[in-house]
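So the structure is just underneath, and the comments pick up after that.
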Amino acid sequence: MKILLLGHKGMLGNDLLIELGCRHEVTGMDIDEIDIVSAAQCREAVDEITPEIVVNAAAYTNVDGCEKAKDECFAVNAEAVKNIAEACRGKNICIVHFSTDYVFDGSGTEPYKEDHPCNPINTYGASKLAGERYLQDLAKKYILIRTAWLYGKNGKNFVRTIMEKARIVGQLEVVDDQVGSPTYTKDLAAAVALLIDGKATGIFHITNRGSCSWYQFAVKILQESGMTGVDVTPIKSDKLVRLAKRPAYSVLSMQKFIQKTGKIMQPWQLALQDYLKNVKH
């Protein structure tokens with residue numbers, strides 16, 4: 001199939017380009033080639049490429065930065081989705097779009113299902129929810145994927161940050177009252193390919209299997225990377241000075257994905273090992 005991949009140079013986009021490029025004709029476009037905030041440029045790209053699928057991996061993902069740049073945040077995470085959906089209307093194009101666990105308020109205690117009511121508690125989550133609604137209102141065919149705690153080879157991420165800080169500072173403070181599911185972008189890209197090949201439509205939650213706190217994740221990162229002698233102290237979120245609130249619990253249920261594909265995502269611990277091996281090589 002012909003696929004237009006937006007944001008192909010980003011952390012997730014890079015892995016999607018590799019995964020989807022194996023068996024589809026993929027054209028990648030990024031910020032230096034297209035401004036997705038421009039409706040005209042979105043129309044031009046779709047008319048030029050004539051894709052069967054548009055994958056939107058572009059996003060404004062600086063959670064705290066969104067609180068300071070709300071207009072830009074909503075432009076990229078919401079208005080751009082509207083532009084893409086309108087550019088695809090009437091052309092029988094399926095849109096694959098990525099959203100976040102942050103559309104939920106984090107007050108739950110069981111993994112969130114796709115139909116659970118959304119109630120974001122920060123600007124980033126609100127902007128992504130607005131994008132979801134544009135997609136659902138305007139697109140005839142779509143795959144809306146909510147994911148969480150992404151890290152990958154091509155970009156800044158929590159794993160890399162923890163390792164760098166551990167080397168430089170030698171001691172860390174990490175919150176232990178936020179629980180979610182770390183997700184390796186390479187695994188997410190493979191899961192997306194399964195949904196595309198299976199001609200799926202609708203909302204799907206996809207993360208690596210299992211859950212942990214950021215503190216537990218940090219401890220595992222140091223353990224798996226062989227970094228010893230680093231003091232890691234668990235702290236509460238209110239000790240950190242941050243512009244954006246974070247959900248306390250944002251684990252996503254993947255039963256729908258499992259039922260559709262017959263596949264189970266690998267545990268986050270094994271995904272972390274894979275990532276560290278790839279980075280080393």
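A short reminder: the numbers here are calculations on the coordinates, not readings from a lab. What you see is a predicted model, and the numbers here were worked out from it, not measured in a lab. Using ideal geometry, Cβ is built from the backbone for each residue, glycine included, and neighbour counts are taken over all protein chains shown.
Here are some notes:
- Largest mean-square fluctuation among Ile168, Ile36, Ile264, in a Gaussian network model of the chain whose springs join Cα atoms under 10 Å apart, belongs to Ile168.
- FRET E, pair Met1, Glu86, Förster distance 25 Å, beta-carbon r, rounded to 0.05: 0.70
- Listed values for region 258-275 are Karplus-derived 3J(HN,Hα) couplings in whole Hz (6.51 cos²θ - 1.76 cosθ + 1.60, θ = phi - 60°), namely 5, 5, 6, 9, x, 10, 10, 5, 6, x, 4, 5, 6, 4, 4, 4, 4, 4, and x replaces Gly and Pro.
- Simple spin-label estimate for Gln259 and Glu224 gives 3.0 nm between the two label positions (7 Å along the Cα-to-Cβ direction from each Cα).
- GNM result for the chain, Cα springs below 10 Å: residue of Thr27, Thr228, Thr123 fluctuating most strongly: Thr228
- Here the relative contact order of region 141-281, from alpha carbon pairs under 8 Å that lie six or more residues apart, stands at 36 percent.
- Sequence-separation-based contact order of the chain, relative, with Cα cut under 8 Å and 6+ spacing, percent: 21
- Between Asn83, Asn62, Asn208, the GNM of the chain built on Cα springs shorter than 10 angstrom shows Asn62 fluctuating the most.
- Dipole orientation for the chain: of the candidates Phe74, Ala200, Gly131, Ala200 has the Cα lying most toward the positive pole (charges on Cβ; Lys, Arg +1; Asp, Glu -1).
- Per-residue ellipticity at 222 nm computed for the chain from its helices equals -12000 deg cm²/dmol, with DSSP H segments shorter than 4 residues left out and the rest contributing -39,500 (n - 2.57).
- Karplus-derived 3J(HN,Hα) values for region 206-223, using 6.51 cos²θ - 1.76 cosθ + 1.60 with θ = phi - 60°, are 9, 9, 5, 6, x, 8, 6, 8, 4, 4, 4, 5, 4, 4, 5, 4, 5, 4 Hz; glycine and proline are entered as x.
- By the count of neighbouring beta-carbon atoms within 10 Å, fewest first, Asp32, Asp15 end up ordered Asp32, Asp15.
- For the residue pairs Lys9/Lys186; Lys2/Lys260; Lys2/Lys186; Lys128/Lys239; Lys141/Lys256, the alpha carbons lie more than 25 Å apart in Lys128/Lys239.
- Neighbour net charge for Gly106 - beta-carbon separation under 13 angstrom, K R +1, D E -1: -2
- Under the Karplus curve 6.51 cos²θ - 1.76 cosθ + 1.60, θ = phi - 60°, whole-Hz ³J(HN,Hα) for region 136-151, x wherever Gly or Pro sits: 5, 6, 10, 8, 6, 10, 7, 10, 9, 10, 9, 9, 7, 6, 6, 8
- Here the calculated FRET efficiency for Glu44 and Leu240, from their Cβ-Cβ distance with R0 = 45 Å, stands at 0.55, rounded to the nearest 0.05.
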